[in-house]
1. Please work out if E21 is open to solvent by 70 Å² or more (accessible area, probe 1.4 Å) and either modelled with pLDDT of 90 or more or assigned to a strand (DSSP E or B) (or both).
2. Looking only at region 76-129, which residues are surrounded by fewer than 16 Cβ atoms within 10 Å (Cβ to Cβ), over 17 Å from I48 (Cα atoms) and of a type in the set (S, T, Y)?
3. Would you point out which residue out of K8, K18, K13, K32 is without any contact (Cβ under 8 Å) to a residue 60 or more places away in the chain and more than 15 Å from Y107 (Cβ to Cβ)?
4. Of the residues V63, V3, V31, only one is of a type in the set (V, I, T), open to solvent by less than 70 Å² (accessible area, probe 1.4 Å) and touching a helix residue (DSSP H, G or I) at 6+ places or on another chain (Cβ under 6 Å); which?
5. Do we have A58 as without any contact (Cβ under 8 Å) to a residue 60 or more places away in the chain, open to solvent by less than 50 Å² (accessible area, probe 1.4 Å) and under 19 Å from L4 (Cα atoms) here?
6. Looking for whichever is at pLDDT 85 or above and not β-branched (V, I, T) here; the options are K50, K97. Which one fits?
7. Quick one: in region 34-55, which of the residues that are closer than 17 Å to L119 by Cβ and open to solvent by less than 10 Å² (accessible area, probe 1.4 Å) is nearest to the chain's Cα centre (by Cα)?
Amino acid sequence: MNVLCNNKKSSFKYSFIKKIEAGLVLSGWEVKSLKDGNGQISESYISITKDEIFLCNAHIKIVNMKNSSSNQNPTCRRKLLLNRKEINMLQGQVSQKGLTIVPIRLYSKKGIIKIEIALAKGKKLFDKR
């Protein structure tokens, strides 16, 4: 397992309840950029809209390619791949008070890029040690 980028502040701000591994829908230039180490998920968050889960505000640096005809946006929303059962469980837990979904790290597993997300609860100011 090759870790591509971490969210180090997430363990400082949140206490994790449950961790889940999810797939990530990426285009070719995004995969190339992430494998070169040009990704950042420290300011990113997970949103749920219409029974789909998205990674928002994750910054992936644009790679200069000769035949780049596609529209390249470094901070666009990227869809996460989860089972329907997992999505329903996360939706139910997020609707409770104080729970959120936080991205922890992006990594490569057998050549496929995965993201580890966690169901988390925010820490109080005096708990942050």
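The values are calculated or read from the model by the stated rules, or taken from the named source; none is laboratory data. Just so you know, these numbers come straight off a predicted model, no measurement behind them. Neighbour counts are summed over all protein chains in view; Cβ atoms, including those assigned to glycine, are modelled from backbone coordinates with ideal geometry. Quick note on the areas: whole protein, heavy atoms, side chains included, nothing else; ligands and nucleic acids left out. Shrake-Rupley method; radii C 1.70, N 1.55, O 1.52, S 1.80 Å.
1. On the way: open to solvent by 70 Å² or more (accessible area, probe 1.4 Å): yes; either modelled with pLDDT of 90 or more or assigned to a strand (DSSP E or B) (or both): yes.
So E21 passes the test.
2. S108
3. On the way: K8 fails: more than 15 Å from Y107 (Cβ to Cβ); K18 fails: without any contact (Cβ under 8 Å) to a residue 60 or more places away in the chain; K13 fails: without any contact (Cβ under 8 Å) to a residue 60 or more places away in the chain.
So the residue among K8, K18, K13, K32 that is without any contact (Cβ under 8 Å) to a residue 60 or more places away in the chain and more than 15 Å from Y107 (Cβ to Cβ) is K32.
4. On the way: V3 fails: touching a helix residue (DSSP H, G or I) at 6+ places or on another chain (Cβ under 6 Å); V31 fails: touching a helix residue (DSSP H, G or I) at 6+ places or on another chain (Cβ under 6 Å).
Being of a type in the set (V, I, T), open to solvent by less than 70 Å² (accessible area, probe 1.4 Å) and touching a helix residue (DSSP H, G or I) at 6+ places or on another chain (Cβ under 6 Å) holds for just one of V63, V3, V31, which is V63.
5. Working: without any contact (Cβ under 8 Å) to a residue 60 or more places away in the chain: yes; open to solvent by less than 50 Å² (accessible area, probe 1.4 Å): yes; under 19 Å from L4 (Cα atoms): yes.
For A58, the condition - without any contact (Cβ under 8 Å) to a residue 60 or more places away in the chain, open to solvent by less than 50 Å² (accessible area, probe 1.4 Å) and under 19 Å from L4 (Cα atoms) - is met.
6. Numbers: K97 fails: at pLDDT 85 or above.
When all the criteria are applied, what remains is K50.
7. L55
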